[in-house]
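Undergrad: Shown below is the structure under consideration.
The values are calculated or read from the model by the stated rules, or taken from the named source; none is laboratory data. Here the structure is a predicted model, which means the values were calculated and not measured. Cβ placement follows ideal geometry from the backbone for every residue including glycine, while neighbour counts extend to all protein chains displayed. We work out accessible area using only protein heavy atoms, side chains counted, and drop any ligands, DNA or RNA first. Shrake-Rupley method; radii C 1.70, N 1.55, O 1.52, S 1.80 Å.
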Amino acid sequence: MIVTGKNKTPASANAGGLAVKKDLDLYMRAALREAGKCLAHGDVPVGAVVVFDGKIIARGHNVREKKNSPLWHAEMVAVERASKKLGRWNLAGATLVVTKEPCAMCAGLVVQSRITKVVFGVGDVKGGCCGGALMVAASPSLNHRANIVGGVLERECLEMLKGFFGSLRRAKKAENVHKLTIYEHFDKISDDED
């Protein structure tokens with residue numbers, strides 16, 4: 001488990017009303033349920049919830065494919081809904097719980113919205129910006145730094161992503177086999193004409 005901030009023990013880190021690991025697991029399970037909604041419209045299954053005063057106040061999941069827009073990551077949806085719920089842009093005291101480590105855009109959102117804590121499931125060494133590839137959300141050079149906790153229900157979050165991308169690879173492979181069969185058919189026709 002990755003933990004940043006002044007208090008580096010997740011059981012005692014109480015920002016945003018999250019006091020114990022069982023709370024983190026509970027909120028991550030809610031984010032996983034949100035991630036499952038992505039499968040209906042072909043989006044990468046990432047889900048997020050925003051917790052304030054120990055309660056989930058907003059939920060979101062990826063809708064980039066559905067909306068045909070690069071902006072609608074799970075974090076963007078959940079944070080926008082949380083801002084509307086609280087009636088303010090400054091979400092100090094809130095915790096963002098997300099199944100996959102936030103990207104640069106979403107880590108920037110954490111900084112801009114003053115979210116106190118980010119909890120994520122699976123890290124992303126190629127594109128994560130909460131310590132995976134870069135550290136944006138808790139960068140000491142920025143005016144706001146969130147506490148970061150990673151690796152919560154990591155296996156479950158990873159399995160959902162692996163299942164999704166495995167299905168895509170299998171579908172692509174089946175498509176290529178079908179194309180190969182068509183090409184072989186045309187090759188045979190041309191060989192017969194010779």
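Undergrad: Net charge near residue 146, counting Lys/Arg +1 and Asp/Glu -1 over other residues with Cβ under 9 Å of its Cβ?
TA: That sum, taken over residues with Cβ under 9 Å, equals +3.
Undergrad: When a/c reaches 1.5 or more, the comparison of a/b and b/c decides; with that in mind, is the stretch 53-134 rounded, prolate or oblate per its Cα gyration tensor?
TA: Oblate is the answer for the stretch 53-134, as a/c is 1.5 or above yet b/c matches or exceeds a/b.
Undergrad: Another question, if that's okay. Subtract the Cα-Cα distance of residue 112 and residue 39 from 0.36 nm times their separation in residues, and report this length gain in nm to one decimal.
TA: 23.3 nm
Undergrad: Roll a 1.4 Å probe over the protein chains and send me the accessible area per residue for the stretch 99-152 in Å².
TA: That works out to 35 Å² for each residue.
Undergrad: Where does the Debye-calculated log10 I(q)/I(0) of the stretch 91-132 sit at q = 0.18, 0.22, 0.27 Å⁻¹, using only Cα point scatterers of equal weight, no solvent?
TA: At q = 0.18, 0.22, 0.27 Å⁻¹ the computed log10 ratios are -0.43, -0.63, -0.90.
Undergrad: So, in Å, what gap is there between the alpha-carbon centers of the stretch 30-109 and the stretch 135-173?
TA: Computed from Cα coordinates, the inter-centre distance equals 13 Å.
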